[in-house]
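Notes follow the structure.
The values are calculated or read from the model by the stated rules, or taken from the named source; none is laboratory data. Bear in mind the structure is a predicted one, so any value in this text is a computation, not a measurement. FYI the Cβ positions are ideal-geometry reconstructions off the backbone, even for glycines, and counts take in every protein chain you see.
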């Protein structure tokens, strides 16, 4: 292995993606472990290493004496080519063992556009991608993460899914698999299916989400692996809260990560101290879905800033609601002056914001803008969605008017004021009040994008948008069913890889794959009658469907 | 305030790490070692380190160097010991001298 890698690494971009040996990575004796787990991230190394879920599970599993956990990520196409040309199976970063040698492969499912990478990694790792083709000697393939709230498009490729927060039950899973090591796949899966929160495709029962009860007592990786190459998030991260109290009707995380749980301030500080000592990062980020709602955010941020300013360590608070308080706090704790802030009105008019449950008034928005510009911030990023349920032409005009109003307000403070308007396409997600809604077509998306672009021109404004075809595919898989597995395979055969990267996404391949499989993808984007059974109905995320139905009203 | 020039090796384990990433490895190791490194002034202070020439990706060497500037007085021997404890396999400090 060493020799063949030696030969191919000089031929590929960013070879450090494939060498492992990073600080805080775990190197255990393969032969002494009773259970070998590969945590596989179905996107590139830099993205996988920024995934908190992978770091948490790696940490918990490696704390168990006779369990070994290693990592693998999707290869860049140049590396895939080299692996194939040299007959090297996709391997783990630590022991450089082929994926097929592990007992369990755990994929982190963060985004629908990674599905062809999963197929590709199984194939390259020497594991039959279709569950029905695997033998007792093949690893079990497990999925976890946000996409499990509609696992059906992947159900043919996975032996089981962990529904909810995997750190709650990963030790139970490891225990069962250690004790059933010599038994058949079926016996293993039967044992696993008895655990709450495990979905074994084929066993058609209601699966109730598992979640951790107490953020203070749950293990947290204060010795995270530090990549040599720059990860997407190149900083220390401490999670301060899980869940979000706001209940925006489009937001899947808001509905599936309930209830809201805070980590105590003492625990956050303790973990922050450990993580800074163990990493040497120059930035500490306090993360959650909505950090303004953390009850002691002011005291926490100021305490940490005071402690770390002399060491030239910056404290950052992403996911804050922009208002006078947050702007002042950000300015006070930042060692480096923040140059921009973000506001997400999501919709262009008050009426539509009310419809989608975004509890933010125009007054809130303008107050945040004033606070930002009066504190010498010069640029504001705005986030809007196109195609929201109940959207009318006035709402699109509203996006333009609100954006211009914000820029004009900024110009009264500085001539350098500028705004960036980001346009996403609304994608209905499972287990939200909008799960029955229609997603707009590619053509409609392009028309709406064009309208905004044409109406928001001039100095100080730039408009950015999500690729319409990428949103289309995301929408198909987000509400797809088990028929889509053959489309994933077909697209893979035709060369689809790394679809989340606009430089790699080839939409014509997908069109061809749908056509060859005889599937009309538009069917998945249609509005669903409220009494139609949904592919994900068997998953219980803790919020009853009646509540979603009640919240789905648009008046 | 003193300046210490270190000589180090870049070995097999780390030869595919770019020069820029290697600089980040040193910066984090210096923080973990809690050495009293000097910082530049201004909004975005950075560590006062002057780096030797970049080595080609994929090459090993036992003649790399960097010069670190400290606040107060630090013995070169201390720099060598503390930093060695924090560096990953593949980087070895071979010498540390006052300049």
Criterion first (crowded, with 16+ Cβ neighbours inside 10 Å, away from every other protein chain (no Cβ under 14 Å) and under 25 Å from residue A:273 (Cα atoms)) does residue B:25 satisfy it?
no
So residue A:282 passes all but one of these: (1) at pLDDT below 95; (2) in contact with a strand residue (DSSP E or B) (Cβ under 9 Å, 6 or more places away or on another chain); (3) away from chain B (no Cβ under 14 Å). Which condition number does it fail?
(3)
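Quick one: how many residues across the stretch A:443-471 are part of a helix (DSSP H, G or I) and in contact with a strand residue (DSSP E or B) (Cβ under 8 Å, 6 or more places away or on another chain)?
Counting residues in the stretch A:443-471 that are part of a helix (DSSP H, G or I) and in contact with a strand residue (DSSP E or B) (Cβ under 8 Å, 6 or more places away or on another chain) gives 7.
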Collect the residues in the stretch A:86-125 that are closer than 22 Å to residue A:11 by Cβ and surrounded by fewer than 19 Cβ atoms within 10 Å (Cβ to Cβ), keeping them in residue-number order.
A:86, A:87, A:88, A:89, A:96, A:123
Might you let me know whether the stretch A:492-500 holds any residue that is surrounded by 17 or more Cβ atoms within 10 Å (Cβ to Cβ) and under 30 Å from residue A:351 (Cβ atoms)?
no
Touching a helix residue (DSSP H, G or I) at 6+ places or on another chain (Cβ under 6 Å) and away from chain A (no Cβ under 14 Å): which single residue out of B:66, B:54 fits that description?
B:54
Conditions (1) more than 10 Å from chain A (Cβ to nearest Cβ); (2) more than 22 Å from residue A:21 (Cα to Cα); (3) in a loop (DSSP other than H, G, I, E, B) -> residue B:43 fails only (1)
Taking the condition away from every other protein chain (no Cβ under 14 Å) and modelled with pLDDT of 95 or more, does residue A:269 pass?
yes
What single numbered condition from (1) in a helix (DSSP H, G or I); (2) without any contact (Cβ under 8 Å) to a residue 40 or more places away in the chain; (3) in contact with a strand residue (DSSP E or B) (Cβ under 6 Å, 6 or more places away or on another chain) fails to hold for residue A:100?
(3)
Please find, among A:75, A:89, A:128, the residue that is under 21 Å from residue A:489 (Cβ atoms), at pLDDT 95 or above, under 20 Å from the mean Cα position of the chain (by Cα) and in a loop (DSSP other than H, G, I, E, B).
A:75
So residue B:34, is it within 14 Å of chain A (Cβ to nearest Cβ) and in contact (Cβ under 8 Å) with a residue 24 or more places away in the chain:
yes
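How about the stretch A:211-325: which strands (runs of 3 or more DSSP E) wholly inside it have at least 1 residues that are within 30 Å of residue A:433 (Cβ to Cβ)?
The qualifying strands (runs of 3 or more DSSP E) are A:236-239, A:283-287.
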Give the residues of the stretch A:206-237 that are more than 20 Å from residue A:171 (Cα to Cα) and either out of contact with any strand residue (DSSP E or B) (no Cβ under 6 Å at 6 or more places or on another chain) or within 14 Å of chain B (Cβ to nearest Cβ) (or both), sorted by residue number.
A:225, A:226, A:227, A:228, A:229, A:230, A:231, A:232, A:233, A:234, A:235, A:236
Among the residues of the stretch B:1-22, count how many are more than 10 Å from chain A (Cβ to nearest Cβ), free of Cβ contacts under 8 Å to residues at least 60 places away in the same chain and either surrounded by fewer than 14 Cβ atoms within 10 Å (Cβ to Cβ) or more than 27 Å from residue A:6 (Cα to Cα) (or both).
0
Counting only residues that are in a helix (DSSP H, G or I), surrounded by fewer than 17 Cβ atoms within 10 Å (Cβ to Cβ) and in contact with a helix residue (DSSP H, G or I) (Cβ under 9 Å, 6 or more places away or on another chain), how many does the stretch A:326-342 have?
2
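Each row is one residue, and each column tells you yes or no for (1) touching a residue at least 12 places away in the same chain (Cβ under 8 Å); (2) under 30 Å from residue A:376 (Cβ atoms); (3) not assigned by TED's automatic domain parsing to the domain that holds residue A:246.
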position	(1), (2), (3)
A:413	yes, yes, yes
A:422	yes, yes, yes
A:438	yes, no, yes
A:443	no, no, yes
A:451	yes, no, yes
A:454	no, no, yes
Can you name the number of the only condition in (1) buried (at least 20 other Cβ atoms within 10 Å of the Cβ); (2) away from chain B (no Cβ under 14 Å); (3) within 30 Å of residue A:346 (Cα to Cα) that residue A:247 fails?
(1)
Inspect the stretch A:47-56 for any residue being surrounded by 20 or more Cβ atoms within 10 Å (Cβ to Cβ), within 14 Å of another protein chain (Cβ to nearest Cβ), within 26 Å of the chain's Cα centre (by Cα) and part of a loop (DSSP other than H, G, I, E, B) and give the result as yes or no.
yes
